[in-house]
Amino acid sequence: MTAIETRGLTKRFGDEVVAVDSLDLTVESGEIFGFLGPNGAGKSTTINVLLDFIRPSEGTAEVLGHDAQRETRAIRERVGVLPEGATLYDRLTGREHVEWVARTKEVDADPDAILDRVGLGPDDRQRRTGGYSKGMSQRLALGMALVGDPDLLILDEPSSGLDPNGIQEMRDLLRDEADRGTTVFFSSHILPQVEAVCDRVGIMSDGRLVAEDTIAGLRESTGGSSEITATVDALPDGFDPATLADLAGVERASAEGTDVTAVCSDPGAKMEVLKRIDDETTVRDIRSEETSLEDLFNRYTAADPGDGTGFAEGDDGGIDANGANESGTDGTDGTTDDAEEVTA
């Protein structure tokens, strides 16, 4: 069963703004899926439709096999949501927030076990959240999304406010959830974090899904280059590194000091490069670098708006920080501040 599936999903605001345009998106159960795009691309509008905060103009959306507009209660019982900038209640402790969400969702939960998972210590969880740092608030909000052992986690900028240790812990937690069969669907602007944890990504631009694949698949489809650098004892007389470009799949090659670098359009050409260098001199070290997700993202989103890969100016914001009390998915209150919505 797919966790999320949309077909022809379209959302218009007024006569002029098409926030989401004929979106066909499939997210498989148990995968970690990164949902990317520049501001104004339609990410938050899509998520708000999936959570039935807003209704589509056309098309369909299913979440965990349920119609996103007709079976919202069944969906909300099985989904955990971390909105960007989630608002906490200053007078409640961290533990009381988790207890409140458990009561709201009518589930049994062990608040201390949940807060242990997100790294909120025994002393901190007993404090009122009005004194929390942004990182502590983010850890608590993630814990609130975990209440009820959801089948699907929808996370908007989950690493916001976290320090490097917190980001690593968050990535480990998401992998653990996926290993248990939970589907993780998250939006983020921190592309290295997406690259480190996602099984697949989808890239939105100007309301359209312009790419959906593994990162390796995106590299292959865009012809993304990769680099191989070999550190050698010494460059022998008569060896011209530029001749490595004669090998199939090698775009160019050069040397700086004892480092010989080849840029390859075909990752399979790296081995041939190393063999050729090793025939000439002793290789002491090897470094390899693939096209980053950031480079791939820019290729898909920095083109002209009219060619299907560009983006329009604007800001489609995030899931509202007060977006889940009404939904029952975590501890906040169900409104939305998606910029496209409030300006429509």
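Read phi for every residue in the stretch 23-35 and hand back ³J(HN,Hα) as whole Hz from Karplus 6.51 cos²θ - 1.76 cosθ + 1.60, θ = phi - 60°, with x for Gly and Pro.
7, 10, 9, 10, 10, 7, 4, x, 9, 9, 10, x, 10
If you average the sequence gap of Cα pairs under 8 Å that are 6 or more apart and divide by the length of the stretch 225-290, what percent do you get for the contact order?
Once divided by the residue count of the stretch 225-290, the mean separation gives 48 percent.
Computed from the coordinates I sent, percent of Cα pairs over 33 Å apart equals one of (i) 34; (ii) 37; (iii) 30. Tell me the label.
Given (i) 34; (ii) 37; (iii) 30, the calculated one carries the label (ii).
For the chain, take the longest principal axis of its alpha carbons; what is the angle in degrees between that and the long axis of helix 164-179, to the nearest 10 within 0 to 90?
80
Could you derive backbone 3J(HN,Hα) for the stretch 55-60 from the dihedral phi with the Karplus parameters 6.51, -1.76 and 1.60 (θ = phi - 60°), listing whole Hz in sequence and x where the residue is Gly or Pro?
Per-residue couplings from phi come out as 9, x, 7, 8, x, 10 Hz.
For helix 134-146, report the angle its Cα long axis makes with the longest principal axis of the Cα atoms of the chain; keep it between 0 and 90° and round to the nearest 10°.
70
Using C-alpha positions alone, give me the convex hull volume of the stretch 39-148 per residue in cubic angstrom.
Working: hull volume 12.9 nm³, N = 110.
Convex hull of Cα atoms, per residue: 117 Å³.
Show that you can apply the helix-only estimate: for the chain, add -39,500 (n - 2.57) for every DSSP H stretch of four or more residues, divide by all residues, and state [θ] at 222 nm to the nearest 500. Walk me through the intermediate numbers first.
Values: 12 runs with 106 residues, N = 344.
-8500 deg cm²/dmol, from helical runs alone.
Rounded to whole Hz and in sequence order, give me ³J(HN,Hα) for the stretch 200-209 from the Karplus expression 6.51 cos²θ - 1.76 cosθ + 1.60, θ = phi - 60°, writing x for Gly and Pro.
Once rounded to whole Hz, the list reads 9, 9, x, 10, 9, 8, 6, x, 10, 7.
Using only the alpha-carbon atoms, how far is helix 94-105 inclined from the longest principal axis of the chain? Give it as 0 to 90 degrees, nearest 10.
That helix lies at roughly 70 degrees to the long axis.
What's the Cα-based Rg to Rh of the stretch 123-165, Rh via Kirkwood? Provide the component values of the computation, followed by the final result.
Values: Rg = 11.4 Å, Rh = 11.5 Å.
Computed over Cα atoms, the ratio is 0.99.
Efficiency by 1/(1 + (r/R0)^6): what FRET value for ASP240 and ALA302, r their Cβ-Cβ distance, R0 = 35 Å, to the nearest 0.05?
Numbers: r = 35 Å, r/R0 = 1.01.
Calculated transfer efficiency: 0.50.
What order do you get for 237-243, 227-233 when each peptide is scored by the mean count of other beta carbon atoms within 10 Å, highest first? Working shown, then result.
Working: 237-243: 11.7, 227-233: 18.1.
Packing order, densest peptide first, comes out as 227-233, 237-243.
Do any trypsin sites (Lys or Arg not before Pro) in the stretch 38-124 lie in a DSSP loop with no more than 14 other beta carbon atoms within 10 Å, and if so, which? Numbers along the way, then the final one.
Details: sites: LYS43, ARG70, ARG73, ARG76, ARG78, ARG91, ARG95, ARG103, LYS105, ARG117; in loops: ARG70, ARG78, ARG91.
Sites meeting the loop and neighbour criteria: ARG70, ARG91.
Under the definition of Cα pairs under 8 Å and six or more residues apart, what whole-number percent is the relative contact order of the chain?
Details: 766 pairs, mean separation 78.2, N = 344.
Relative contact order here is 23 percent.
Work out, in µm²/s and without decimals, the Stokes-Einstein translational diffusion coefficient of the stretch 225-290 at 20 °C, 1.002 mPa s, Rh from Kirkwood over C-alpha pairs. Show your work: numbers first, answer last.
Values: Rh = 11.3 Å.
Here the translational diffusion coefficient equals 189 µm²/s.
Each value in this text was obtained by applying a stated rule to the coordinates, not by laboratory testing. None of the values given here were measured: they were computed from a predicted structure. Positions of Cβ are backbone-derived with ideal geometry, glycine not excepted, and every protein chain shown enters the neighbour counts.
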